[in-house]
Amino acid sequence: MKQATKTAAIDVLVDRRPQSIELFMRFPARNTETIFGITPDALAASDGRVYFGALRETGTFDFGDAMIAGTRLSLGGEEQPLEAMSVMVHPADNALPFETPLDGNIAMAVCTVPDPVVPPALTDLVLYTGFISYPATGAGEIKLSMPNTVPLELAVSVFEDGRLVQRHSVDADKNSDILIVAEGALAEENWLGRLQRLFQ
């Protein structure tokens, strides 16, 4: 087994708003099965290649729904509704910005490249996806329960109403509850942020 399959790295953007929680994720498309328990083969044609034109025509909403079927999100210990927004893949050598929730929305919803002369394989692509929990009110820690079959390394950026309040990393075991936002983290960071802005 190759070393790359022993852990899976995911970039996560969390945007907490008064009535909702939005999550955006970026990771190598080949890791979809070890992270979400579903093979990414549905994104490819029968020859194993990915045709961007076909994805634009058929959409990926059904794949997004299937991908998160085994994933749960909780807020303050209470399970919340969770829906897929969209899924898109982009060439790894032409990575899109993924620093803000706006970046996440654009990357998962827009196929920005024309079909290359030789369509890429899934191993050449990065997958971008987004989920929304609505309504999601109240306070407390935010956890994800995922069906991952390998340990995960998550680089998490936390936003409130689109404003960055925290960046941190999380290491998660197989098939575990993943604490992505600690209780009080948003309130603490917002207080510090307001104080810093007073002296700018």
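Worth pointing out:
- Between residue 106 and residue 174, the C-beta separation translates, for a Förster distance of 35 Å, into a calculated FRET efficiency of about 0.65.
- Amide H within-cut-off set for residue 20, under 5 Å, with H built and near neighbours excluded: 136
- Residues whose amide H comes within less than 5 Å of that of residue 126, counting only those at least five positions distant or on another chain, are 29, 90, 92 (H built at 1.01 Å from N in the peptide plane).
- Counting beta carbons within 10 Å around each of 60, 7, 34 and listing the fewest first gives the order 7, 34, 60.
- Correct choice for Cα extents along the principal axes in Å that was computed from the model, options (1) 48, 37, 28; (2) 55, 36, 33; (3) 60, 36, 30: (2)
- In order along the range 159-174, the Karplus-derived 3J(HN,Hα) couplings, from 6.51 cos²θ - 1.76 cosθ + 1.60 at θ = phi - 60°, round to 10, 10, 6, x, 9, 5, 10, 6, 10, 7, 10, 9, 9, 10, 6, 5 Hz, and Gly and Pro are given as x.
- Per-residue 3J(HN,Hα) values for the range 76-93, derived from phi via the Karplus relation 6.51 cos²θ - 1.76 cosθ + 1.60 with θ = phi - 60°, read x, x, 9, 5, 10, x, 9, 10, 7, 9, 6, 9, 8, 10, 9, x, 5, 8 Hz in sequence order (x marks Gly and Pro).
- The range 22-101 and the range 134-187 have their alpha-carbon centroids 18 Å apart.
- Each residue of the range 51-66 was assigned a 3J(HN,Hα) from its phi angle through the Karplus expression (A = 6.51, B = -1.76, C = 1.60, θ = phi - 60°), giving 9, 4, x, 5, 5, 5, 6, 8, x, 10, 5, 4, 5, x, 4, 5 Hz with x at Gly and Pro.
- Taking each DSSP H run with n ≥ 4 as -39500 (n - 2.57) and averaging over every residue of the chain yields -6000 deg cm²/dmol at 222 nm.
- Highest-first packing order for the peptide set 125-138, 84-97 is 125-138, 84-97, based on the mean count of other beta carbon atoms within 10 Å.
- Computed from point charges on the beta carbon alone (+1 for Lys and Arg, -1 for Asp and Glu), the dipole magnitude for the chain about its Cα centre is near 280 Debye.
- Scanning residues 5 or more positions from residue 60 or on other chains, those with amide H under 5 Å from its amide H are 87, with H placed 1.01 Å from N in the peptide plane.
Computed from the coordinates by the stated procedures, all read-outs in this text should not be read as laboratory data. As the structure is a prediction and not an experimental result, all values here were calculated from the model. In this analysis, Cβ positions are derived from the backbone assuming ideal geometry, glycine residues included, and neighbour counts consider all displayed protein chains.
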